[in-house]
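The values are calculated or read from the model by the stated rules, or taken from the named source; none is laboratory data. Computed from a predicted structure; not experimentally measured. Cβ placement follows ideal geometry from the backbone for every residue including glycine, while neighbour counts extend to all protein chains displayed.
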């Protein structure tokens, strides 16, 4: 039998263990006991956003926020929604899940936002999924194509972009069918974003009787990927699909071309950040493919793009970008949902309004239902040509013989 000294010692060690574990369980703890009170005052509706506006992908968060704010500014100039001004409360999470968790706790419990909008990233959105359900608060337009937000259906999350599976399917289809590629490698971020991409690419290849021939990865919020390049280059791929952010993807493409993979086709997915990627690629950009989930933000013949560019100029901005347009589209969807949710909206009335929402942008449409939170399935292909992403319908092998 243990004596009193040993019992006290065991209790002390247990207490120390609890204190050590608590800091590392903060993400889970923060998702509990959140407020269910998401009020709308007589004068304003608060909308919460957490994005990376600093750090390795800060440019992307800024683009998304600017597109969103341009539309909200337009609506507020016209009297808001039901006479209420739309107030965007935003925090920087640096693309770090622990910061996103902290920001959501603050938005829900302290700022008392009514709904959430335009959160960027798979690992960040995944970290707050339990919090969204605990707080019973709607998130419109997560900037992620991961299956976790789609299957099974998440009642409170309304996806306004095609899935990573659909982007990967489109890229693989064109690589194999149009260009005759058989040897496809993958470069990916080593986290839930990259994992989702790997699953999507492997499924698309499997449907065609193909396997990945090579794979390399990098750590989130870092840019070092020399080992990844080694593993990819030695597989001698016809094409490389990249699930990453602009700087590490640009570095890998540049070094790969310098090392002898000039005829290899490099394909990125939409969340890479098209404009920053092109900037970092410089002279090595021509021929790089990027799948997109919105039409070209430069084509003002499209009514949606014309409105986006007009509203951006009205707030003094002319840096039109793909992610900026996506942020704008998500704001349009949320505002239309708020308008249809009644004079005194609740979370349930907003959910009901969004479930019956259909917006035809002509170039594409957003539509939800009671049993689907996937608003669109459309993917657009672009190719970098002289410093700009040009929409393409079918890929031409001659474009890559450079």
Before we move on, is residue 381 modelled with pLDDT of 95 or more, in a helix (DSSP H, G or I) and touching a helix residue (DSSP H, G or I) at 6+ places or on another chain (Cβ under 7 Å)? no
Among strands (runs of 3 or more DSSP E) completely within the range 186-274, the ones holding 3 or more residues that are farther than 17 Å from residue 172 by Cβ are 212-218
Test residue 279 against the stated conditions and say whether it is surrounded by fewer than 23 Cβ atoms within 10 Å (Cβ to Cβ), farther than 30 Å from residue 366 by Cα, at pLDDT 95 or above and more than 17 Å from the chain's Cα centre (by Cα). yes
Can you tell me which residue among 171, 175, 229, 205 is within 20 Å of the chain's Cα centre (by Cα) and either under 30 Å from residue 112 (Cα atoms) or crowded, with 17+ Cβ neighbours inside 10 Å (or both)? 171
Among the residues of the range 339-346, are any surrounded by fewer than 21 Cβ atoms within 10 Å (Cβ to Cβ), touching a strand residue (DSSP E or B) at 6+ places or on another chain (Cβ under 6 Å) and part of a helix (DSSP H, G or I)? yes
Go through the residues of the range 311-322 one by one and say whether even a single one is within 25 Å of residue 373 (Cβ to Cβ) and in contact with a helix residue (DSSP H, G or I) (Cβ under 7 Å, 6 or more places away or on another chain). yes
When you look at residue 88, is it in contact with a strand residue (DSSP E or B) (Cβ under 8 Å, 6 or more places away or on another chain), buried (at least 17 other Cβ atoms within 10 Å of the Cβ) and either under 20 Å from residue 39 (Cβ atoms) or at pLDDT below 95 (or both), yes or no? yes
Residue 182 versus (1) surrounded by 20 or more Cβ atoms within 10 Å (Cβ to Cβ); (2) assigned to a loop (DSSP other than H, G, I, E, B); (3) in the same structural domain as residue 211 (by TED's automatic domain parsing): which is the lone unmet condition? (1)
